[in-house]
1. Determine the dipole magnitude for segment 113-191: charges of +1 sit on the beta-carbon of Lys and Arg, -1 on that of Asp and Glu, nothing else is charged, the reference point is the Cα centre, and the result goes in debye to the nearest 20.
2. If the only charges are +1 at each Lys and Arg Cβ and -1 at each Asp and Glu Cβ, what is the size of the charge dipole of the chain around the Cα centre, to the nearest 20 debye?
3. Please arrange V7, V199 by counting, for each residue, the other beta carbons lying within 10 Å of its beta carbon, fewest first.
4. Counting other Cβ atoms within 10 Å of each Cβ, which chymotrypsin sites (Phe, Trp or Tyr not before Pro) in segment 153-223 have at most 15 and sit in a DSSP loop?
5. ³J(HN,Hα) across segment 67-75 via Karplus (A = 6.51, B = -1.76, C = 1.60, θ = phi - 60°), whole Hz, x for Gly/Pro?
6. For q = 0.12, 0.13 Å⁻¹, what log10 I(q)/I(0) does the chain give under the Debye formula with an equal point scatterer on each alpha carbon and no solvent?
7. For segment 6-79, evaluate the Debye formula with one uniform point scatterer on each Cα (no solvent term) and list log10 I(q)/I(0) at q = 0.13, 0.27 Å⁻¹, rounded to two decimals.
8. Using Cβ contacts closer than 10 Å as the measure, can you line up M206, M64 from fewest to most?
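Each value in this text was obtained by applying a stated rule to the coordinates, not by laboratory testing. Predicted model, so just to flag it, every value in this text is computed and none were measured. A quick note on method: Cβ atoms are made from the backbone with ideal geometry, for glycine too, and the neighbour counts reach across all protein chains shown.
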Amino acid sequence: KTIVVAVENAYPPFNSIDQATGKGAGWDYDAVTEICKRLNCVPEFKEAAWDGIFPAMQAGEFDMLADGVTFTEERAKIVSFSTPYVEVNQYLLVRADETRTVEEMKADANAKIGTQIGTTNEIAAKEYFTGKEIQSFEDFGAAVLALKSSDIDGVVIDNIAAAGFMKENEGAFKLAGQIATGETLAFVFPPNSDLTDAVNAALADMTADGTLEQLNKKWGLIP
């Protein structure tokens, strides 16, 4: 059975286009391929924009969303989530030559902060940097580009994705500090999808036999 899996292809190390091959690569590709091996399904990865992805999932346009998605009670009202596969914290990504701490940037009226639209990062950014106008980009790649070209001074992002962008841009960025904690990432399915339980069973097996830990280490989700 073929399952259609939505990915952004703009969120390393979860999913991005490998410049060498022009193909999609990342933790999501490896993990979903492994899950399908165990469930006897064939993944068909389809690029989808983040904006509007939850209504699309709710309507069943895709069988599964693999995009380093944070579980929230709010989202769980309209879509189904798998068991979490990793825990993340939110940080402020800055240019390598930035001297200000997170606290100093919060106090600096001129500091410009960016993030991705419709994410828990956006919520955290607005909560932490109260009174600041947060610039929300279509994807994190665009936010990171704006940071690189000094249009903004910091990007609120999960530690794992931050590490992905730091790896892609050797020596260009660093973390200024943590701003929020304790979120979990999971796969997303349309409401009442049969896939949810099946994927959970595969994830449990992958946890038990060490495959999940291997994948998490390979892509830098855990040290």
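1. Dipole of segment 113-191, to the nearest 20 debye: 160 debye.
2. It works out to roughly 200 debye.
3. Taking fewest neighbouring Cβ atoms as first place, the list is V7, V199.
4. Nothing satisfies the criteria.
5. These are the phi-based 3J(HN,Hα) values: 7, x, 8, 7, 6, 9, 4, 4, 5 Hz.
6. One equal scatterer on each Cα of the chain leads to -0.63, -0.74.
7. Scattering profile of segment 6-79, log10 relative to I(0): -0.40, -1.31.
8. Details: M206 19, M64 28.
By the 10 Å Cβ count, ascending: M206, M64.
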